[in-house]
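For reference, the structure is listed below as structure tokens.
The values are calculated or read from the model by the stated rules, or taken from the named source; none is laboratory data. Just so it is clear, the structure is predicted and the values come from calculations on it, not from any experiment. Neighbour counts are summed over all protein chains in view; Cβ atoms, including those assigned to glycine, are modelled from backbone coordinates with ideal geometry.
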Amino acid sequence: MTVLKIGLTGGIGSGKSTVGRCWAELGATLIDTDAIARSLTLPQGAAMPAIVQEFGPLAVDEQGALNRAWMREQAFADPAVKRRLEAILHPLIGALTQEQAAASSADVIVFDVPLLVESGRWRQRVDKVLVVDCEEQTQIERVIARNGWSRETVLAVLGQQATRSQRRACADALLYNEAITPEELKRQVLTLARHWT
Ligand code: ADP
């Protein structure tokens with residue numbers, strides 16, 4: 001059996017997770033790389049020993065998880081900090097992702113990778129890149145409604161992500177999740193699944 005590996009990406013609020021769930025409903029294995037990354041930095045997380053060694057005890061909160069607020073501050077002040085953290089996390093994320101993929105018996109595996117375009121290392125691991133896109137104003141409104149964040153916070157996150165055109169340039173297919181209902185989005189995923197499989 002040939003397994004189709006799809007890299008699913010999109011800016012925050014584009015509808016990427018919604019599209020991922022549509023694929024899962026169609027029987028695909030959905031691998032959430034963000035959830036994997038988070039699990040690595042929970043108390044007892046596999047990345048925690050290396051993080052303490054690299055950044056010292058301030059990087060850890062009372063529960064033994066990554067002190068995200070402290071880490072964010074350090075990373076804003078010095079981009080090298082972010083790279084050092086990524087050097088710890090990325091190989092572990094890669095290994096766990098491969099582990100989950102190896103355990104899949106589905107004929108489609110969808111890797112949900114928010115920063116696929118930014119990271120560069122994902123393109124060669126997947127057969128197709130699927131980009132979910134919408135207008136920036138819609139992203140902002142959705143994230144404010146979903147996360148309860150301020151507009152400024154959403155804009156700060158958007159500013160750190162790839163632009164819509166950078167993402168589009170990497171896409172084998174694009175779902176334009178703008179002014180359509182979630183049901184219509186689901187129909188478009190089904191059409192694409194038929195086309196690709
Ligand atoms: P992402 O994973 O890209 O951040 P989500 O899939 O979580 O985005 O979608 C962001 C929010 O917008 C969610 O609350 C989701 O239910 C909503 N949403 C996504 N697509 C649509 C749509 N076509 N119509 C209405 N709401 C949508």
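Data overview
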item	result
Selected residue [under 21 Å from VAL189 (Cβ atoms) and either touching a residue at least 24 places away in the same chain (Cβ under 8 Å) or part of a helix (DSSP H, G or I) (or both)] from VAL154, VAL143, VAL81, VAL132	VAL132
Those residues of region 161-187 which are surrounded by fewer than 17 Cβ atoms within 10 Å (Cβ to Cβ), polar (S, T, N, Q) and within 11 Å of the ligand (Cβ to nearest atom), in sequence order	THR181
Residues satisfying the stated conditions in region 170-197, i.e. assigned to a helix (DSSP H, G or I) and either touching a helix residue (DSSP H, G or I) at 6+ places or on another chain (Cβ under 8 Å) or acidic (Asp, Glu) (or both)	PRO182, GLU183, GLU184, LEU185, LYS186, VAL189, LEU190, ALA193
Hits in region 1-36 - residues which are small (Gly, Ala, Ser), within 15 Å of the ligand (Cβ to nearest atom) and surrounded by fewer than 20 Cβ atoms within 10 Å (Cβ to Cβ)	SER17, ALA24, ALA35
Evaluation of VAL19 against (1) at pLDDT below 95; (2) within 26 Å of ARG151 (Cβ to Cβ) (one fails), failing number	(1)
Within region 108-125, considering residues that are out of contact with any helix residue (DSSP H, G or I) (no Cβ under 8 Å at 6 or more places or on another chain), on the phi < 0 side of the Ramachandran plot and more than 14 Å from the ligand (Cβ to nearest atom), the one modelled with the lowest pLDDT	GLU118
Region 58-74, residues that are without any contact (Cβ under 8 Å) to a residue 12 or more places away in the chain and either over 23 Å from the mean Cα position of the chain (by Cα) or crowded, with 18+ Cβ neighbours inside 10 Å (or both)	ASP61, GLU62, ASN67
Test: residue in region 94-112 that is of a type in the set (A, V, I, L, M, F, W, C), assigned to a loop (DSSP other than H, G, I, E, B) and surrounded by fewer than 19 Cβ atoms within 10 Å (Cβ to Cβ)	yes
